[in-house]
Amino acid sequence: MTSNASTARKTILVVEDEVDIANAIVERLVKSGYRAEAVHDGLAGVERCRVLKPDLVILDLLLPGLSGHEVCREIQRDRRVPVLMLTALDSEADVLVGLRMGADDYLTKPFSPRELVARVEAVLRRVSNQPDRTEHRIGGITLDEATRRVELDGAEVHLTPTEFALLAALMRSDGAVMTRSDLLAEVWRYTNDDSGARTVDSHIRGVRRKLGDGCVRTVHGVGYAIGDPQANDPSTAPPSDSAS
Ligand code: CA
């Protein structure tokens with residue numbers, strides 16, 4: 001039977017090679033009202049993502065074939081899709097690499113099913129709850145919350161959903177300094193002081209890499225504020241190494 005009543009249900013793709021874990025996640029997500037399916041290797045993840053166009057991908061970091069990092073990069077190349085990364089490696093370096101690759105959040109195994117669903121909900125809320133209102137312009141940056149388009153000097157710049165939400169929060173505050181807790185509350189809607197601060201810092205680095213170091217000012221000991229990418233503040237400039 002065809003059903004058109006399920007269009008509001010979000011679709012989640014689970015990429016996890018441990019079949020028992022994958023099945024348990026799918027079962028839990030379905031119970032929580034999502035459409036969910038699993039694939040068990042990285043290449044299948046990339047291919048399935050293209051066809052399914054899920055609202056969110058739950059992605060294991062350690063996969064046979066293509067690694068979680070490679071899968072994350074591949075699927076973000078096609079289309080900006082929120083990614084919740086699963087990792088057995090409780091190493092900060094791995095987590096940060098994952099976030100740099102465009103993951104929106106991560107969960108360290110073992111995790112409780114309840115925690116997983118809470119994280120899924122938080123990521124989806126963060127992505128969909130951004131008010132579709134106005135266009136913001138600061139310096140050469142234009143951010144349109146309705147079309148979710150970001151331009152730097154008229155050229156489109158592709159941000160991950162989390163980077164977009166961070167930049168939008170900073171632009172809405174119109175130059176006022178936001179603390180990391182402000183940003184966590186607004187962008188992530190949860191507070192988790194230790195890894196939370198590092199998560200903010202990591203995504204800020206992503207925004208700067210794409211829009212220029214001056215686009216976000218570090219206010220030492222306080223937090224971040226939107227800056228003008230053209231006004232190169234020496235305090236935020238990276239050490240000069242122009243050799244490429
Ligand atoms: Ca694995």
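Using the Cβ-Cβ distance between D153 and E115 with R0 set to 51 Å, the FRET efficiency from 1/(1 + (r/R0)^6) comes to roughly 0.75.
Summing charges over all other residues whose Cβ lies under 11 Å from the Cβ of S173, with Lys and Arg as +1 and Asp and Glu as -1, gives -2.
Available extension along the chain between K210 and K31 is 60.6 nm, counting 0.36 nm per residue and deducting the alpha carbon span.
No value in this document is a laboratory result; all are computed from the given coordinates. Here the structure is a predicted model, which is why all the values come from computation and not from measurement. Cβ sites come from the backbone with ideal geometry, for glycine too, and all protein chains shown count toward neighbours.
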